[in-house]
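Below: one structure, written as structure tokens.
The values are calculated or read from the model by the stated rules, or taken from the named source; none is laboratory data. As the structure is a prediction and not an experimental result, all values here were calculated from the model. Note that we place each Cβ from the backbone using ideal geometry, even for glycine, and neighbour counts take in every protein chain shown. SASA here: full protein model, heavy atoms, side chains in, ligands and nucleic acids out. Shrake-Rupley method; radii C 1.70, N 1.55, O 1.52, S 1.80 Å.
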Amino acid sequence: MSGLGGLSVRFRQSGFSVKIPSFLGPSLPYLLFAGAIALVGLWVENFYYLQVLTFIGINTLVALGLNMLMGYAGQISLGHAAFFGIGAYSTAILTVHYGFSPWIGLAGAISIAGLVALVVGLPTLKLSGYYLGMGTLGFGMIVHILFREWTSMTGGASGFVGIPPLSVGNYTFYSPTAYFSLVWGTVLIGVIICRRIIDSRIGRALRSVHDSEAAARAMGIDTHMLKLQVFVLSALFASVAGFLYAHFVTFISPGTFDFLTSVRMVTMVVIGGMASIWGALLGAALLTLLPDWLHTFSEFEMVVYGLILMVVMILLPQGLTRGILDLWEKSKGEDIDIKGESDGDSFR
Amino acid sequence: MKKMSIKTVLLSATLCFTISLLILPRAWAESTWKIGGIFAVTGPASFLGDPEKKSMEMIVETINKNGGIDGRPLEAVIYDTEADPTKAVMAVSKLINRDKVMAIIGPSTTPTSLAVIPGAQRAGIPLISCAAGNGITQPIKPWIFKTAQSDIHAVAAIYNHMKKIGHTKVGIITVSNAFGESGKEQLESQAPDFGITVVRAENFGAKDTDMTAQLTKIRGEKPDAIVCWGTNPGPAVVSRNARQLNIDIPLYQSHGVASPKFIDLAGEAAEGILLPTGKILVADLLPDDDPQKPVLKTYIRQFQEKYNSPVSGFGGYAYDGVRILADAIKGTGGDLAKIREKIESTRDHVGVSGTFNFSPEDHNGLDPSAFVMVRIENGTWKLVE
Amino acid sequence: MEFLQYLFSGITSGAIYAVIAVGFSMLYSATDLINFAHGEFVMLGALCLVTMKAIGMPLPIAFLNAVLIVGLIGLIFERLAIRPVKRPQPIVLVIITVGASIFFRGMAMILWGKDTYSVPPFSDHPPIIISGAALLPQSLWILFIVLAVVACLYLFYQKTLTGKAMQACAISKKAAWLMGIPAKWMVSLSFLLSAAMGAVAGVIIAPITMCSYDMGTMLGLKGFCAAMLGGLGSLWGALLGGFLLGILEAMGVGFFSSSIKDAIAFLLLLFILYVRPGGIIGAVQAKRF
Amino acid sequence: MAILSVESLSKSFGGVQALQDVTFCVETGHICGLIGPNGAGKTTLFNLITGFYAPDSGAVHYRGRTLQGLPSHRIVGLGITRTFQNVELFSSMSVLGNVMVGRHVRTRCGFFRAILKTRGARAEEAETRNAALELIRFAGLKGDPEAPAADLPFGWQRLLEIARALASEPSLLLLDEPAAGLNAVETAALGDLITKIRDRGVTVLLVEHDMSLTMRVSDRVVVLDQGRLLAQGAPREIQSDPEVMAAYLGRPKEAGNA
């Protein structure tokens, strides 16, 4: 078929294929994506739009990690705002209380979040379905209470002020364009990491666990350890996002890392599409822009929010990305295989 | 796994462009004084943001009715932060960079104010916060002002009243949010100045439904009085629980519950409760020579005419903020540095929340006289000497 | 004397958690589902009561109307949101019910506005004082009503045919379907009953907790922790779990510090999930895999 | 030398005694048929060997090592893989993808190597791909390996599952009723494949109801009935053993009454 020499890109259905030189092949989407970032970064000078795009970038990072956990490994987490918070508070405490440089803060954020994810993940990931949802929710609540009550370290409910901005040598990432490119550069690295994991042996193992845990175990995959590794990976993504958030807004308060934020993160993955990287990007963008679109009738934001979650989950279980692609294919007269069984045996 | 359908390639490219196109800059007019407002209109702090938004819209309308400022009308652009720091930061940046406002009123809560201060400072835009947290104006930040009565004055008013009656031991119970923490800090730090010792400090969740355990612990320390620092509905539950435990020692509340809603919620448990409040609640009981009386009267009349709902002291913060800003804009032609100067040098500005005397060292401009002590007697507020 | 007061305050909040937990367990025992929006049904029950009383209805009629309305809402919710799902895996249902809870909260905010309402207690004689510790009469009302309701549910499950059919559905929908039980209707019926249970909870706790559009979330989570503590699916377990949680919280505040009050519920939840998912009574073999 | 020996294995679920004191062994390089009427305990025995269940008593020895208490993914590492009675394919993946997952135990690329895309990882990936393609051809699966596994006809899905199991280079392959639902042509092809597998040196334990297939390919046959070992021996002996016939067809009535 397609050895390493040339890469032929083939439409799944219509057999149309175009030859692309192989060294360019696998990294084409990244180049396009990087090009898009650079273009938007240069073209948009208005600080507000850069700031909105930066927040979208930070949310995308979280969505990418959660997408690996929920979309590929099929494990739900209702407490991921806790890792987002751990990342933010670790760097805040390390840089302000102990005077370390922000990059030590980053290392601290990653190691603490990773450690907590390991300790919490071991027992939690033995659970499944509702119990896993409740276990992660309980964990998220406890961490939120910890942020609020540990006043000496976290500044308690009134928040943590004066987090230093990021700087490399004597160049500080003050200007929104600089921070925009830093965040979206991290997102690009995140996308490459996810893509490489998905296309590797680990990615296949993940999807096999999602499709049929029994068969995966029969193929010698240590499903519990694998779920734990992905849980830690998604926690690291969230903590890096927390680090970037803390140094961007230079103020954090427990309210930003509560249960509603965890639900918003899950919504990003759900809307984008459970097992698609670009879906995570789409979901993050939509969710970050939603309050902006709704600001005129802000009363309805919660109603619209709840509706989106329900409607997407009921009608488009695979999420908007796949939904749109399927509609696009349907409009081209393709026959798409509708996976849902007939109504008769939809019982568990 | 080498295969990659062309679809994802096109999808990723169009995705990034659509996002940036979605939020194209909209054209804006130059002919009005554009000021921004960010309040927690919905969400947990809506009892603050909602009246503040209404008051701002009302005062802008009245200013424009009598000719605007230097002949140009005032235009208010108001966003809802839902008391969420991230939304507040985005709203401020939208006001500054897209709507190109010249000054900002709000936000309503302390955490959101602390979150937006760096942005306003960097952009060099005067911001008048409606939150009470002390960290907003301490240490002094050139562009940041505050019209809400500070917790320092509220605690001073309570402790003054206690000193007069001879209470020396106090038990405090505070809500576990920013307002509660700032109150607890002041209650504990100012106590020695009035010869009072805090014998017990407890806290409760904003949504908690039963505080009898905390009150029992406080009662065990035999204090002379109890101070409850929080915003509805928590303090109403505390008052009821105190009545159930028939705790007969006096119960003080904070200015956070200085609104008719508290009496309605606490029911007859509100009888005899003392609390500091802006003069707005007892406007008609004020002696006629009180300079604030006419301002309060007009504010209350206008508010009830426009919204036919009871007035709340919190709306007054935004009302004063806009009036101070309007006076400062006069004659400066929109030069932000001059406006900042004029705000900072505002003297004897009689507002709803008190008489403002700003100075380079005091960006709140209020003193304990902004507060008066009231007692709740058969369902209404009564001034206490 | 203080211990007794902590015990009484524990009983008061325990009664609240218990009556909500029963709703969770009842739905789980009948449909094997966990409804994260149950807390919002409690809120809707309380706010409906407020509206009914505002119109001037006497308490019993208002009580009945609130329960009927919310039960109907539960039925419509199941019909529109739960039944159409093609492959009802837990992950899908968790997200749908969480979305529903946000949706109901948003609607309540629009209909009832943002501030808090108070409701007079059912009977207004003063608190009962036993050697210095005060117990609210309202919590006794809650106790009696919840016991009565649980007794009715128990009879309904054990004695009536529909009750047994519902339990059969939970164990195996396919088998029940083969036996001619309209499984789809059973699920709808159990949602109606669970929503009605939530409304009952909302109405009887309203005098203590006061009601606002966002009271449902924390109460719902605490109710779930109580249901898990007692043993998900067992009605008596829910009662036991509710009171135990309330008393433990009150003791925690009394003897440690009030800031850990909320943490107690969730720490217990995690403990139960990890060590003994069946809960104290372990009535239902909890599915871990 | 026996690659697998089962010693007085017993297992009961609640009141049901699924297996009772079963002892037998499978010679290396042999195809051992395991037959018995429904409910004889064949699948339970299967799951005990692969570590899905833990036995009540007795032990399973594989190459002299006991499999007691080993998690199932370690047992596969030792070289024992299985297929399922009702095919358990990875529906979201392609045919090639499914077989490549089979290679999991034989490859080592972890998270870091995958992220860094080291030369070793890329080489291992290419090698996995080629091995999988070779196995797909070996199993006789034609058509596009990139096609989704769920689109394959049922017969081919069975072959795919066997190819996937082979991908982990097992020395003992357990087939759980591979011929169920296949027509005559597909069953014959399956028989050839099983013998080809044995010729590659893989010992096969075959649980199957299709007598003609089992008798044709098996070197030895073990018969289970109600959880007990009934008989074991060469296919011809088993076919003529009266006990076996009785277990399947029931005792003939005493001659004389109609």
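Matching residues to (1) open to solvent by 50 Å² or more (accessible area, probe 1.4 Å); (2) more than 14 Å from every other protein chain (Cβ to nearest Cβ); (3) more than 17 Å from the chain's Cα centre (by Cα); (4) of a type outside the set (Lys, Arg):
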site	(1), (2), (3), (4)
C:Val70	no, yes, no, yes
C:Val85	no, no, yes, yes
C:Leu93	no, no, yes, yes
C:Val98	no, no, no, yes
Pairs, please: C-beta under 6 Å, at least 6 apart or cross-chain, first residue assigned by TED's automatic domain parsing to the domain that holds D:Leu224 and in the stretch D:44-59, second open to solvent by 20 Å² or more (accessible area, probe 1.4 Å) and at pLDDT below 80? D:Ala59/D:Gln68
Test of understanding: among A:Gly242, A:Gly255, which residue is assigned to a helix (DSSP H, G or I) and open to solvent by 20 Å² or more (accessible area, probe 1.4 Å)? A:Gly255
Going residue by residue through the stretch A:121-129, is there one that turns out to be touching a Gly at 6+ places or on another chain (Cβ under 7 Å) and more than 26 Å from B:Pro111 (Cβ to Cβ)? yes
Number of positions in the stretch B:334-364 that are in a loop (DSSP other than H, G, I, E, B) and free of Cβ contacts under 8 Å to residues at least 60 places away in the same chain: 6
Has the stretch C:181-191 got at least one residue that is assigned to a helix (DSSP H, G or I), in contact with a helix residue (DSSP H, G or I) (Cβ under 8 Å, 6 or more places away or on another chain) and under 30 Å from B:Asn232 (Cβ atoms)? no
Test: A:Gly155 is closer than 29 Å to C:Leu269 by Cβ and open to solvent by 10 Å² or more (accessible area, probe 1.4 Å): yes
Looking at the stretch B:163-182, is at least one residue farther than 30 Å from C:Leu219 by Cα and surrounded by 23 or more Cβ atoms within 10 Å (Cβ to Cβ)? yes
Going by the structure shown, is A:Gly129 open to solvent by less than 10 Å² (accessible area, probe 1.4 Å), at positive phi and facing another protein chain (nearest Cβ under 8 Å)? no
Exactly one of these conditions fails for B:Asp248: (1) touching a Leu at 6+ places or on another chain (Cβ under 9 Å); (2) in a loop (DSSP other than H, G, I, E, B); (3) not β-branched (Val, Ile, Thr). Give me its number. (1)
Name, by its number, the condition in (1) open to solvent by 20 Å² or more (accessible area, probe 1.4 Å); (2) more than 24 Å from B:Leu281 (Cα to Cα); (3) out of contact with any helix residue (DSSP H, G or I) (no Cβ under 6 Å at 6 or more places or on another chain) that does not hold for B:His363. (1)
If B:Tyr79 meets every condition in (1) more than 9 Å from chain A (Cβ to nearest Cβ); (2) aromatic (Phe, Trp, Tyr); (3) open to solvent by 10 Å² or more (accessible area, probe 1.4 Å) apart from one, which number is that one? (1)
Can you go through C:Ile16, C:Ile34 and tell me which one is over 23 Å from C:Arg83 (Cβ atoms), touching a helix residue (DSSP H, G or I) at 6+ places or on another chain (Cβ under 8 Å) and within 13 Å of another protein chain (Cβ to nearest Cβ)? C:Ile16
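A quick yes/no check of all residues on (1) under 19 Å from B:Pro250 (Cβ atoms); (2) within 12 Å of another protein chain (Cβ to nearest Cβ); (3) under 24 Å from the mean Cα position of the chain (by Cα):
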position	(1), (2), (3)
B:Tyr159	yes, no, yes
B:Glu181	no, yes, yes
B:Glu185	no, yes, yes
B:Ile196	yes, no, no
B:Phe204	no, yes, yes
B:Thr216	yes, yes, no
B:Gly220	yes, yes, no
Sort through C:Leu244, C:Leu267, C:Leu273 and tell me the only one that's open to solvent by 10 Å² or more (accessible area, probe 1.4 Å) and touching a residue at least 40 places away in the same chain (Cβ under 8 Å). C:Leu244
Within the stretch D:71-87, how many residues are under 22 Å from D:Thr28 (Cα atoms), more than 9 Å from every other protein chain (Cβ to nearest Cβ) and open to solvent by 30 Å² or more (accessible area, probe 1.4 Å)? 1
Which listed residue, of C:Phe266, C:Phe243, C:Phe224, C:Phe256, is within 23 Å of B:Thr174 (Cβ to Cβ) and either in contact with a helix residue (DSSP H, G or I) (Cβ under 8 Å, 6 or more places away or on another chain) or of a type in the set (Val, Ile, Thr) (or both): C:Phe266
For B:Ala103, are the conditions met, namely being more than 17 Å from the chain's Cα centre (by Cα) and at pLDDT 90 or above? yes
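Of the residues in the stretch A:186-228, how many are of a type outside the set (Lys, Arg) and open to solvent by 30 Å² or more (accessible area, probe 1.4 Å)? Reasoning before the result, please.
The first filter runs over the stretch A:186-228 and keeps only residues of a type outside the set (Lys, Arg), leaving A:186-194, A:197-200, A:202-203, A:205-206, A:208-216, A:218-226, A:228.
Right, trim to open to solvent by 30 Å² or more (accessible area, probe 1.4 Å) and you get A:186, A:188-189, A:192-193, A:199, A:210-211, A:213-214, A:222, A:224-225.
Counting residues in the stretch A:186-228 that are of a type outside the set (Lys, Arg) and open to solvent by 30 Å² or more (accessible area, probe 1.4 Å) gives 13.
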Anything in the stretch B:47-75 that is free of Cβ contacts under 8 Å to residues at least 24 places away in the same chain and crowded, with 21+ Cβ neighbours inside 10 Å? List them, or say none. B:Asp50
Given C:Pro182, C:Pro120, which one is over 30 Å from C:Pro277 (Cα atoms), open to solvent by 20 Å² or more (accessible area, probe 1.4 Å) and within 10 Å of another protein chain (Cβ to nearest Cβ)? C:Pro120
Determine which single condition B:Thr298 fails, assuming it passes every other condition in (1) part of a helix (DSSP H, G or I); (2) of a type in the set (Val, Ile, Thr); (3) touching a Lys or Arg at 6+ places or on another chain (Cβ under 6 Å). (3)
Counting only residues that are more than 18 Å from the chain's Cα centre (by Cα), part of a helix (DSSP H, G or I), within 13 Å of chain C (Cβ to nearest Cβ) and among the hydrophobic types (A, V, I, L, M, F, W, C), how many does the stretch A:270-307 have? 6
